[in-house]
Amino acid sequence: MPAATKTRAAHQNHPLEDLIRSDRIPHIWCPGCGIGTAFSACLSAMKGGGRNLEKMCMVSGIGCSGRAAGYVKLDSFHTTHGRAIPFATGLKLGNPELDVIVFSGDGDLFAIGGNHFIHAARRNMDLTVICVNNLNYGMTGGQAAATTPHLAKTTTTTAGNPESPFNLPLLAWASGATYVARWTILHTRELTECIQKAISKSGFSFIEVLGPCPINYGRRNREKPMETLRLYQEQTIIRNNADPMDLDVDFKKKVVLGEFVDKQRPTCIESYDRTCRLPE
Amino acid sequence: MEFWRVPFDSEAIEVSRGIVYIIEDRCKGCGYCIEFCPKSILAFSSRFNKKGYHPPELLDHDICVNCHYCEIICPEFAIYSLPAPLEKTG
Amino acid sequence: MTGDEACAEGALAAGCLFFGGYPITPATEIAEHISARLPAVGGTFIQMEDEIAAMASVLGAAWAGKKSMTATSGPGFSLMMENIGLGICTETPCVLVNVQRGGPSTGLPTMGAQADMMQARWGSHGDYEIIALAPSSAQEIFYQTITAFNLSERYRTPVLIMTDEIIGHMSEKVIIPPADQIRTEWRPKPRGRKDRFLLYKPGPNGVAPMPAAGDGYKIHVTGLTHDEKGYPAMSVEAQQQMMERLKRKILDNRDDIIMVEEHQIEDAEIVIVSYGISSRTSMAAMQQARAMGIKAGFLRLITVWPFAEEKIQALAQRVKGFITVEINLGQIHLEVMRAAAGITPCHLVGHHGGTIISPDQVLAKIKEAF
């Protein structure tokens with residue numbers, strides 16, 4: 001009789017316990033929210049890569065996903081809305097030994113922070129940017145975002161969203177990111193592997209994680225959390241190296257997942273050192 | 001373990017076994033672990049945790065294969081599995 | 001050397017190793033000059049995509065353990081307000097130079113003003129205390145930039161240098177002393193057990209030691225109201241405690257922070273109060289008034305914020321009046337009035353911006369008012 005279940009609280013030895021600020025758990029994310037799973041995958045990747053965790057830091061902006069920095073037991077920075085990437089840029093340039101991971105949401109990174117995203121990708125800042133895309137502004141109660149599907153209902157688009165969303169991997173690719181991938185929280189193993197790869201890779205890496213927001217987005221669009229996860233299972237297709245033009249998120253057709261870009265070019269710091277510093 | 005078609009190396013491969021640990025009071029009852037357990041060995045319990053959710057419980061103690069999927073899909077750090085001591089077969 | 005260049009040289013002398021900038025007239029020359037100089041001293045210059053990003057990168061570099069700065073003018077100063085607030089809340093040492101120009105909006109990009117003084121004090125949302133210095137020459141901006149870094153490191157807070165287009169673009173002789181004659185300060189580093197470290201537990205002067213990212217302290221830094229550990233704390237008590245400490249660390253040390261210069265104040269009946277470029281006007285006016293037999297004195301505010309109100313309060317008891325000279329429509333003037341509290345008449349010699357105030361205007365006001 002080898003297997004058994006242990007339910008006593010005394011066994012709080014979750015494999016990621018050493019990386020979470022357990023004195024701040026439970027986190028603020030709602031039941032069924034995908035951020036916790038994406039965050040967990042990120043922590044597994046940080047831990048699994050064999051890199052020096054003392055030199056690893058997380059920077060977040062504002063919003064539900066922006067709270068991630070507050071739960072990781074490493075040097076962590078919860079900055080202003082949209083400004084995680086420029087803050088992280090200063091952190092990395094200030095100490096190039098650091099592995100800097102930006103963990104934030106779609107509203108933070110692509111609406112208010114959109115300009116910073118494209119410029120960090122363009123200059124190939126050595127950052128790993130993880131965006132939990134839950135298709136709306138969760139923290140403020142479910143308003144339309146730059147990622148909200150056309151005609152979807154939110155508190156600011158009660159008749160349906162008249163606008164169209166960004167294709168984030170396409171934007172990242174066009175801006176010059178050297179690593180681009182997309183997964184859903186259901187594909188947590190692939191997600192973890194890609195984050196691990198992105199951290200160890202130099203240059204600007206971007207990983208989009210589709211995750212449900214059952215309370216604010218799902219409820220208004222008649223989608224229960226389990227139904228969202230079913231969509232992730234049935235309406236997605238894995239196609240590595242897919243054409244970035246084909247990567248829009250539309251669950252009426254198949255949503256393409258995978259690793260889309262993995263290339264090398266000089267990072268911002270390498271290029272600065274080579275161009276601006278005199279040889280010793 | 002039952003097979004639909006017996007793999008040639010089924011004798012040589014040791015099927016991993018796991019012990020599932022549930023930190024009940026962290027659970028917010030999303031049910032992802034229950035729904036996506038490949039062995040379908042989890043279910044909502046009838047108990048309430050201190051937050052008022054029904055945490056999962058194990059239906060069948062013996063068939064966890066220690067795949068960790070419950071652990072990695074859980075948004076709450078509330079469930080995980082560890083390898084069980086090897087079964088002495090003979 | 002221009003004031004802008006002297007500012008960049010002062011920053012280098014202070015040990016600044018990071019500049020996150022964005023071009024804007026009339027501050028661009030600071031970025032240009034320091035961008036050419038930083039790589040050679042092991043520092044890094046980056047031109048960000050806007051002033052919001054510039055200020056954010058400055059905070060990031062400060063948490064990486066570097067002395068960091070940026071420089072801007074009115075419109076950019078407006079954009080930086082958000083992250084100045086983050087800097088204050090998270091107690092991040094850094095220096096921000098505002099080379100003031102005429103406003104509002106795009107205003108007079110190539111012409112000077114001193115109209116951002118209240119924005120410097122209150123521009124970011126919420127209550128807070130800020131340190132702002134106002135240099136009056138190229139030589140002084142060199143030294144004040146060093147002082148600004150020292151104050152920011154000592155008190156773990158953003159420090160503003162409120163200069164203006166006129167000083168920024170004016171060429172003057174600047175003497176740069178040898179490095180061993182320049183006193184530079186560094187933020188106190190924590191000691192003791194890393195796992196017990198509290199990021200916001202103040203030392204004797206009200207300021208907490210500050211580790212850098214990568215030092216192994218596993219710090220959490222947030223712009224949310226936080227407790228001593230740095231963890232978000234959403235309560236009236238936590239807000240009161242954090243705010244009170246942020247206020248006290250500046251105000252309880254105001255004798256150390258507030259610098260003024262007094263000229264012929266002892267027997268003065270009329271005191272001219274001024275700062276920055278306008279203090280040169282004021283000095284000339286004071287001397288001319290004295291030559292005419294008027295007992296005028298001059299109080300120069302080197303530190304504008306926190307405001308030298310005790311000084312004004314004390315003078316208000318015995319002088320006949322104050323005249324504040326500034327290139328705006330009455331900003332520090334209102335502070336002088338507040339401190340004089342109706343005891344002494346206060347007058348303004350102001351200007352809408354774009355040029356300096358002439359000593360004649362100050363003299364005319366002295367004659368008219370007294």
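Computed from the coordinates by the stated procedures, all read-outs in this text should not be read as laboratory data. Note that this is a predicted model, so its numbers are computed, not measured. Note: ideal-geometry Cβ built from the backbone for every residue, glycine included; neighbour counts use all protein chains shown.
Select from B:Tyr53, B:Leu42, B:Pro83 the residue farthest towards the positive end of the dipole of region B:18-83; place +1 on Cβ of Lys and Arg, -1 on Cβ of Asp and Glu, and compute about the Cα centre.
B:Tyr53
Given the Cα atoms of chain A, and with Rh set as the inverse mean 1/r over their pairs in the Kirkwood sense, what is Rg to Rh to two decimals?
Details: Rg = 18.6 Å, Rh = 19.1 Å.
So for chain A, dividing Rg by the Kirkwood Rh gives 0.98.
In units of 2.2 N^0.38 Å, what is the alpha-carbon radius of gyration of region C:3-181?
On the way: Rg = 14.4 Å, N = 179, 2.2 N^0.38 = 15.8 Å.
Here the Cα radius of gyration is 0.91 times the empirical estimate.
Shape verdict for region C:105-234, please, from the Cα gyration tensor: rounded (a/c under 1.5), prolate (a/b greater than b/c) or oblate.
Values: a/c = 3.22, a/b = 1.59, b/c = 2.03.
It is oblate, given that a/c is not under 1.5 and a/b is not larger than b/c.
Please compute the average number of Cβ atoms from other chains found within 10 Å of each residue's Cβ in peptide C:41-50. Present the calculation step by step, with values, prior to reporting the outcome.
On the way: counts 0, 1, 2, 11, 3, 9, 2, 8, 11, 4.
Per residue, the average neighbour count from other chains is 5.
Can you grab the distance from the C-alpha centre of region A:195-214 to the C-alpha centre of region C:1-46, Å, no decimals?
Between the Cα centres of region A:195-214 and region C:1-46 lies a distance of 35 Å.
Taking just the C-alpha trace of the protein assembly as shown, give me its Rg and Dmax in Å.
My reading of the Cα-based Rg and Dmax gives 30.0, 116 Å.
Given the peptides C:110-118, A:56-64, A:128-136, arrange them by the average over their residues of other C-beta atoms within 10 Å, most packed first. Let's see the in-between values first.
On the way: C:110-118: 22.8, A:56-64: 27.8, A:128-136: 29.6.
So the order, starting with the most tightly packed, is A:128-136, A:56-64, C:110-118.
Okay, helix-only estimate at 222 nm for the protein assembly as shown: each DSSP H run of n ≥ 4 adds -39500 (n - 2.57), divide by all residues, round to 500 deg cm²/dmol; what do you get?
Numbers: 22 runs with 227 residues, N = 740.
Helices in the protein assembly as shown give a 222 nm mean residue ellipticity of -9000 deg cm²/dmol.
Report, by chain and number, residues whose modeled amide H sits under 5 Å from the one on C:Lys295, excluding near sequence neighbours (fewer than 5 apart, same chain).
C:Glu269
Is there a simple number for the mean count of other chain Cβ atoms within 10 Å of the Cβ of residues in B:61-73, and what is it?
On the way: counts 5, 4, 1, 4, 1, 1, 1, 4, 3, 0, 6, 11, 10.
For this peptide, the per-residue mean of nearby foreign Cβ atoms is 4.
Considering only DSSP beta bridges where both residues belong to chain A, give the percentage that are antiparallel (nearest 5). The partial results should precede the final answer.
On the way: 8 of 36 bridges.
Given both bridge residues lie in chain A, the antiparallel proportion sits at roughly 20 percent.
Using θ = phi - 60° and the Karplus relation 6.51 cos²θ - 1.76 cosθ + 1.60, list the HN-Hα couplings for region A:246-251 in order, rounded to whole Hz, with x at every Gly or Pro.
9, 9, 5, 8, 9, 6
Consider all pairwise Cα distances in chain C and report the whole-number % of them above 41 Å. Don't jump to the answer; show the numbers that get you there.
Values: 8421 of 68265 pairs.
So the portion of pairs separated by more than 41 Å is 12 percent.
What does DSSP give for region A:117-273 in terms of the percent of beta bridges that are antiparallel, rounded to the nearest 5? Could you put the intermediate results ahead of the total?
Details: 7 of 22 bridges.
Within region A:117-273, antiparallel bridges account for around 30 percent of the total.
Can you list the cysteines of chain B that have no other Cys Cβ under 4.7 Å away?
For chain B, the answer is B:Cys27, B:Cys30, B:Cys37, B:Cys64, B:Cys67, B:Cys74, because their Cβ atoms have no other cysteine Cβ under 4.7 Å.
Please sort A:212-224, C:4-16 by packing, taking for each peptide the average over its residues of neighbouring beta carbons within 10 angstrom, highest first. Show your work: numbers first, answer last.
Numbers: A:212-224: 19.9, C:4-16: 25.8.
The packing order, highest mean first, is C:4-16, A:212-224.
So for B:Lys39, A:Lys252, fewest C-beta neighbours within 10 Å to most, what's the order?
Numbers: B:Lys39 15, A:Lys252 7.
Taking fewest neighbouring Cβ atoms as first place, the list is A:Lys252, B:Lys39.
Quick one: what Rg and Dmax do you get for region A:140-280 from the alpha carbons, in Å?
17.9, 64
Expressed as a whole number of Å, what is the distance separating the alpha-carbon centroids of region B:19-90 and region C:174-207?
50
Karplus couplings for region C:137-152 from phi (6.51 cos²θ - 1.76 cosθ + 1.60, θ = phi - 60°), rounded to Hz, Gly and Pro as x?
For region C:137-152, the Karplus-derived couplings read 7, 5, 4, 5, 5, 4, 5, 5, 5, 5, 4, 4, 5, 4, 5, 5 Hz, x marking Gly and Pro.
Rounding to the nearest 20 debye, state how big the charge dipole of region A:25-157 is about its Cα centre with +1 on each Lys and Arg Cβ and -1 on each Asp and Glu Cβ. Don't jump to the answer; show the numbers that get you there.
Values: 10 positive and 7 negative charges, 14 e Å.
My answer is approximately 60 debye.
Assigning unit charges at the beta carbon (Lys, Arg +1; Asp, Glu -1) and nothing else, what dipole magnitude in debye, to the nearest 20, does region C:154-264 show about its Cα centre? Mind showing how you got there, number by number?
Working: 18 positive and 16 negative charges, 175 e Å.
Value, rounded to 20: 840 debye.
Just the number, please: Stokes-Einstein D of region C:265-369 in µm²/s, Kirkwood Rh from C-alpha pairs, 25 °C, 0.890 mPa s.
Values: Rh = 13.3 Å.
In µm²/s, the coefficient is 185.
Can you give the % of DSSP beta bridges in region A:1-158 that are antiparallel, to the nearest 5? Walk me through the numbers before you get to the answer.
Numbers: 4 of 17 bridges.
Looking only at bridges with both residues in region A:1-158, the antiparallel portion is about 25 percent.
Of C:His352, C:Ala339, C:Pro306, which is farthest along the charge dipole of region C:285-357 in the positive direction, counting Lys and Arg as +1 and Asp and Glu as -1 at C-beta?
Result: C:Ala339, furthest along the dipole toward the positive end.
Among C:Met80, A:Met139, which comes first, then next, by fewest other beta-carbon atoms within 10 Å?
Ascending number of Cβ neighbours within 10 Å: A:Met139, C:Met80.
Report the convex hull volume per residue for region A:156-206, counting only C-alpha atoms, in Å³.
103
Between C:Pro178, C:Ile52, C:Asn83, whose Cα lies farthest towards the positive end of the dipole of region C:50-178 when Lys and Arg beta carbons carry +1 and Asp and Glu beta carbons carry -1, centred on the Cα centre?
C:Pro178
Starting from the amide H of B:Cys30, placed 1.01 Å from N in the peptide plane, find each other amide H under 5 Å away whose residue is 5 or more places distant or on another chain.
A:Gly32
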